[in-house]
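Data block below; observations after.
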Amino acid sequence: MFLMLDSLFWLKAFFASLAICLFSSFLFMNSRVPLQFVRIHARIMMIPPLVVLPALLSATASDIFGHWRLDPLAWLMAFFVSMISVIVQRFSVRYLLGDRSYRKFFFLLTLTTGGSSMAWLNDDLRWLLVCWGITLFGLTNLISLNNSWQVAKNAALYAGRLFILSWLALTTAVVWLSLHTGHWQLSQAMSDNSLSQLNTWDRTGISMLLILAVMIPGAQWPFHRWLLDSAVVPTPVSAVMHAGLVNVGGIIFTRFSPLFSGDSAQIFLLFPAIISVLLGTGMMIVQTDYKRKLAASTIAQMGFMLIQCALGAYIAAVIHLVLHGLFKAALFLQAGSAVRQHELGAQKVKKPALLWNITGAGLGISVAIITWITSSGEGYQLVSAFILGWALFFAWTQLITIGHGRIVGFLFLTGAFVLFCGIHFIFYGLLKESIYQGLQQPTFVVAVITGSILLIGGFIGSLIIRYHSFPLFVTTYLWLIKLSEPHPNSVESQPIYLTKFVSRGGCQS
């Protein structure tokens, strides 16, 4: 019965639910409202994803109504962002209790995730800019949530300047596109007739602006420092930031894929993305701060997602976006137990058994070959095959070769592999009609790019392990440490505002 209702009904219901959530969070800002109201607000936040789910299941690729594009991709992103918001807000009810910015946090998070979920439902480019601007504004204020801490204010100031540059680049691209095509509707501007009015310079110029607009919030080199600076924010803010906002590049390139695919800018995107993958991986290895280690991992992961976009694998990029978001949110929300888990893990480390290592390598290679042979033949599938084989070998090493309980580890790997295949099958069936199948790069190009990344990364890693005392690799190690550090004014050995606060004695409510 619910699935028979049209998309406009669900859109109105979704907007009404967002309005209720925003009003609830605004009401909680009033100090006269008891703190127990936050639990009611957390339950109210469940309404938007419950509204979006039946809309997602009943959506079709042709659901375009006026200013709204209500296809499966739009509803998927609205559901994903709103669910992340629910999880983080429920987690924060106890986690942030006692923080002086407790009330403001829930309002800003509701505003930020509400703007993000609305942005991708828009087919009108002007409203898309407004909603994404609200999202960046809310994110900047979340970074400076503790505005009595100068370090947080500095991090927010630096990030805010970059966000303005990103928003201006996106605005310029949108205006440029609309002036030449005569349409503010994204679906019309991306039609073949509209794109035929753009010459090579127009297409490349707009695509390069889109790349700039994406690289900044995606924390890609050389704009990665703002994400490292943001480690000063509360952990729930980091969870939302890494799960639903940093990975916006996959959605923007997917929406603008008819313009972006086949242009020279698509190849250009590979260079900063590959650099970000390699540098992000290196920074993750050398960093000791847990949150900055996760931030460096996000830099590398977003670089890989942009490589998928550059290769025309937009469905793979969207799947990567969602799975990475859920995984990274979980890691941040359990950051408080990271030290204890590290201590337990350090006690269990064993020397890897050669036979089991060879078995894992053979299994990874076999899975990669089978995945490639049974795929539809697109070049980007080679990337998925490589990464799946490598991930399987790595997981095998951690769970079976050096772990305890090989039977449990094997069963876990088997279950994870089946789950991954199932998720990929469901997402592909859901999104294949609503995502433009971009121009695929030749298999040879994909093989060279993927092989180069894996070989260079593996070669450098093995050399560092074997010849770690050589001056060149010591220099590289120190350079990666320096590269992975935030700006000096975004770091304090001890928060000065806490020192002043404690010296006055007592605590404030």
### Query
Which entries in LYS153/LYS293; LYS104/LYS293; LYS293/LYS432; LYS291/LYS432 show an alpha-carbon gap greater than 26 Å?
LYS104/LYS293; LYS293/LYS432; LYS291/LYS432
#### Entry: Average Cα contact separation per residue, region 71-199, under 8 Å, 6 or more apart, as relative contact order %
21
### Query
For region 200-285, what is the Kirkwood hydrodynamic radius in Å, using each pair of distinct C-alpha atoms?
13.9
#### Entry: Peptides 139-147, 20-28 ordered by average Cβ neighbours within 10 Å, highest first
139-147, 20-28
### Query
Long-range amide H contacts for TRP68: which residues qualify at under 5 Å (H placed 1.01 Å from N, peptide plane, sequence gap of 5 or more or a different chain)?
ASP123
## Note on the structure
Along region 246-254, Karplus-curve 3J(HN,Hα) (6.51, -1.76, 1.60; θ = phi - 60°) to the nearest Hz, with x for Gly and Pro, reads 5, 8, 5, x, x, 6, 4, 5, 5
### Message
What FRET efficiency comes out for SER31 versus LEU8 if R0 is 35 angstrom and r is the Cβ-Cβ distance? Round to the nearest 0.05.
### Response
0.35
### Message
Just want to confirm a number: the relative contact order over region 1-156, from Cα pairs under 8 angstrom separated by 6+ residues, in percent.
### Response
22
### Message
Given contacts defined as C-alpha pairs under 8 Å and at least six residues apart, what's the relative contact order of region 1-76, whole-number percent?
### Response
35
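Throughout, read-outs are computed from the coordinates displayed, never taken from laboratory work. In this text the structure is predicted, and so the values were computed from the model without any measurement. All Cβ positions, even for glycine, are placed from backbone atoms using ideal geometry, and neighbour counts span all protein chains on display.
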